[in-house]
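No lab work stands behind these numbers, since they all come straight from the coordinates. Nothing here was measured: the structure is a model prediction, and the numbers come from that model. We place every Cβ from the backbone using ideal geometry, glycine too, and count neighbours over all the protein chains shown.
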Amino acid sequence: MRPRLITFDVFGTILDWKTGIESACRDAGRVLVAGEFDRIIDVQGRLEREAFADYESITQRSLRVALGMDQHAAAGIAGTIAQWPLYPDAPVLRSLMEIVPCGAMTNSDRRHGQAIQQRLGFRLTAWLCAEDIQLYKPNPDFWRRMSEATGVPPSPAWWHVSAYADYDIEVAGQLGLTTVFVERPHAKRGPASHIVPDLEALRRILSETT
């Protein structure tokens, strides 16, 4: 089906948050060993289900809980979020927007969205972050709020793209969306309508459907 809207997870799908956290920790003198990144993310997931706090605060707390890091070092690392690297294929988003409106649904703060779009060199059609709506994925209300913002109801004509089945693909599929799993170095695989190695492959699929 020709899509009316494509939404993207950002952290882990557009932005390489694993490399970002690892590099920031290394610069702070704390080299992560195998399994520690996943421990940090698991703690973040638990914190995101508690009373709302902005993502920078959650990142800081997750570093303290998962690694026993002191507050000063954790705050310094959390302050680098907006500079974490984009995946090399992120600029493909510009050509995707020539085919169909594209939005972001991201568990992050407003200033992170502003910085990421500035680095991309263009703005997406819509950018909805956790700070805007005071909740985090995988809460289904995140998709409902994007529907309200864009006027596009949940259906197969709305495609959702992510490297994470647990946070994105499963819920999007349950809501009736067409789902696209992107194979990233750190990903949580699950059933999806399409499985692609990168965003360029997604662009080719869209070119065929339109």
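For the chain, the 222 nm mean residue ellipticity estimated from helices alone, with every DSSP H stretch of n ≥ 4 adding -39500 (n - 2.57) and the total spread over all residues, rounds to -12500 deg cm²/dmol. In whole angstrom, region 17-83 maps to an equivalent ellipsoid with semi-axes of 17, 13, 11, each derived as √(5λ) from the alpha carbon gyration tensor and ordered largest first.
Put +1 on the Cβ of every Lys and Arg and -1 on every Asp and Glu Cβ in the chain; which of 202, 47, 33 then has its Cα farthest towards the positive end of the dipole? Of 202, 47, 33, it is 202. With a Förster radius of 30 Å, plug the Cβ-Cβ distance of residue 208 and residue 149 into 1/(1 + (r/R0)^6) and report the FRET value to the nearest 0.05. The pair residue 208/residue 149 has a calculated efficiency of 0.60.
Residue order for 208, 50, 22, fewest other beta carbons within 10 angstrom first, comes to 208, 50, 22.
Here Kirkwood radius over Cα pairs in Å was calculated from the structure, and among [x] 20.3; [y] 17.3; [z] 19.7 it sits at label [y]. Output the 0 to 90 degree angle, nearest 10, between the alpha-carbon long axis of helix 17-27 and the longest principal axis computed from the alpha carbons of the chain. Helix 17-27 sits at roughly 20 degrees to that axis.
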